[in-house]
């Protein structure tokens, strides 16, 4: 079949067999292979409204695609219509007001580059090809979050196309309840076609990563915990358990072997950076790999892109955790060492700082007091049997469940309603349900980590 157009629709409607269809249905997670009946590549909000009208008339399931980085592949559906926002790429930065208006097809690398032309940034994802839309709507945790909060905390206005096709501009004055829901409630309430962000001054960043042989992982994890417990909010800290790549900066005897590391970024006084980061170099003796230095912010944001390439087949498990005890650190190190694919890895991120400054009921993202977040990523080669790495990821995740105090909606797989409920405290979920009932009573936007409307 060939490319067709819908009345009043100025974008492109792709159907199976049309040029570009197969590329348009591919998403980041190479484990996902879905075939929608239609892909509506939109240019502006009116196109989104027209596409939703088409879906209503033909009783089609709707998926919404921004960056295509949804871990369980909610960006694409079988047999329905994909509202594809990837062509909506405008970024308008106003350095005088320190704000930016960004369309939903933009990824964090593109946004960072535009904002950094003015020495500015807002908290965003740490994989630069992640879309701004899904990450912001689910919360948005990244390098800047301890200093300046979540991506959603810096969202100050939005343009939203509702389930019935109405295009509305919202902020805290016009619809505070919807703004509350957009700050962590995911894509449950409409298609956001424009995001307005608050920006912050961000210059070159002291930071980087040090690695030690994998057998020292328990020591590395303890250092991560102890440094993080007293770290000022200017310091962002992540413990990593990965396989050393065959890269020039890796000693030959470590290539292909497990390593444990500490990644850090300092957003305070640059003169203080070396002093604050010195324990990473000194506390455990000389690192096997030392990549600490001063990075341009965009380089920091792209520094781990190679760990999550487009098309990687992956299964992710994650939780927020209370303070980590020695037993939890030991079991995490033990389970991490059992991974078999070289791209599988375990991360533990220190939270707190500005994230915890916000009241738990001020946004739909409510798990503000968590100390840590685990991210366990099982990887396999597309087309191979995923069972062993999925099982490894689940076992590793289960090993620290006793300390879990909620989960991050952006890191959920298709894990069912009970796990979605873990992303939101009871009162938050009830308020989200009421908002969903008001804005989308038919649950048009259900191809997501779904908040169902009330049955009555």
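Kindly indicate which of 79, 165 is out of contact with any helix residue (DSSP H, G or I) (no Cβ under 6 Å at 6 or more places or on another chain) and on the phi > 0 side of the Ramachandran plot. Don't jump to the end; show me each part of the working.
Values: 165 fails: out of contact with any helix residue (DSSP H, G or I) (no Cβ under 6 Å at 6 or more places or on another chain).
After applying the criteria, what remains is 79.
Have a look at 63, 100 and point out the one that is more than 13 Å from the chain's Cα centre (by Cα), in a strand (DSSP E or B) and under 25 Å from residue 377 (Cβ atoms). Give the derivation first.
Values: 100 fails: under 25 Å from residue 377 (Cβ atoms).
Among 63, 100, only 63 is more than 13 Å from the chain's Cα centre (by Cα), in a strand (DSSP E or B) and under 25 Å from residue 377 (Cβ atoms).
Can we say residue 133 is crowded, with 24+ Cβ neighbours inside 10 Å and either in the same structural domain as residue 364 (by TED's automatic domain parsing) or over 15 Å from the mean Cα position of the chain (by Cα) (or both)?
Numbers: crowded, with 24+ Cβ neighbours inside 10 Å: yes; either in the same structural domain as residue 364 (by TED's automatic domain parsing) or over 15 Å from the mean Cα position of the chain (by Cα) (or both): no.
No.
May I ask you to say which residue of 230, 220 is surrounded by 17 or more Cβ atoms within 10 Å (Cβ to Cβ) and either over 25 Å from the mean Cα position of the chain (by Cα) or assigned by TED's automatic domain parsing to the domain that holds residue 291 (or both)? Break it down stepwise before answering.
Details: 230 fails: surrounded by 17 or more Cβ atoms within 10 Å (Cβ to Cβ).
The match here is 220.
Condition first: in contact (Cβ under 8 Å) with a residue 12 or more places away in the chain and in a loop (DSSP other than H, G, I, E, B). Now tell me which residues in the stretch 244-268 satisfy that. Steps first, please.
From the stretch 244-268, those in contact (Cβ under 8 Å) with a residue 12 or more places away in the chain are 244-245, 249-251, 254, 256-268; that's our starting set.
Hits for the stretch 244-268 are 244, 245, 249, 250, 251, 256, 257, 267, 268.
Among the residues that make up the stretch 176-199, is at least one of them outside any helix (DSSP H, G or I), more than 21 Å from the chain's Cα centre (by Cα) and modelled with pLDDT of 95 or more? So that I can check it myself, show each step before the final result.
Just the residues of the stretch 176-199 that are outside any helix (DSSP H, G or I), to begin with: 183-199.
In the following step, the residues that additionally are more than 21 Å from the chain's Cα centre (by Cα) were identified as none.
There is no residue in the stretch 176-199 that is outside any helix (DSSP H, G or I), more than 21 Å from the chain's Cα centre (by Cα) and modelled with pLDDT of 95 or more.
Residues in the stretch 304-325: is at least one assigned to a helix (DSSP H, G or I), over 25 Å from residue 75 (Cβ atoms) and either modelled with pLDDT under 95 or not assigned by TED's automatic domain parsing to the domain that holds residue 182 (or both)? Before you say what the answer is, go through the steps one by one.
The first filter runs over the stretch 304-325 and keeps only residues assigned to a helix (DSSP H, G or I), leaving 305-307.
Next, from what is left, pick out any that are over 25 Å from residue 75 (Cβ atoms): none.
Checking the stretch 304-325: not a single residue is assigned to a helix (DSSP H, G or I), over 25 Å from residue 75 (Cβ atoms) and either modelled with pLDDT under 95 or not assigned by TED's automatic domain parsing to the domain that holds residue 182 (or both).
Testing residue 295 on (1) over 22 Å from residue 266 (Cα atoms); (2) surrounded by fewer than 21 Cβ atoms within 10 Å (Cβ to Cβ); (3) in contact with a strand residue (DSSP E or B) (Cβ under 6 Å, 6 or more places away or on another chain), one condition comes back false. Which one is that?
(1)
The values are calculated or read from the model by the stated rules, or taken from the named source; none is laboratory data. Note that the structure is predicted; figures quoted are calculated from it, not measured. FYI the Cβ positions are ideal-geometry reconstructions off the backbone, even for glycines, and counts take in every protein chain you see.
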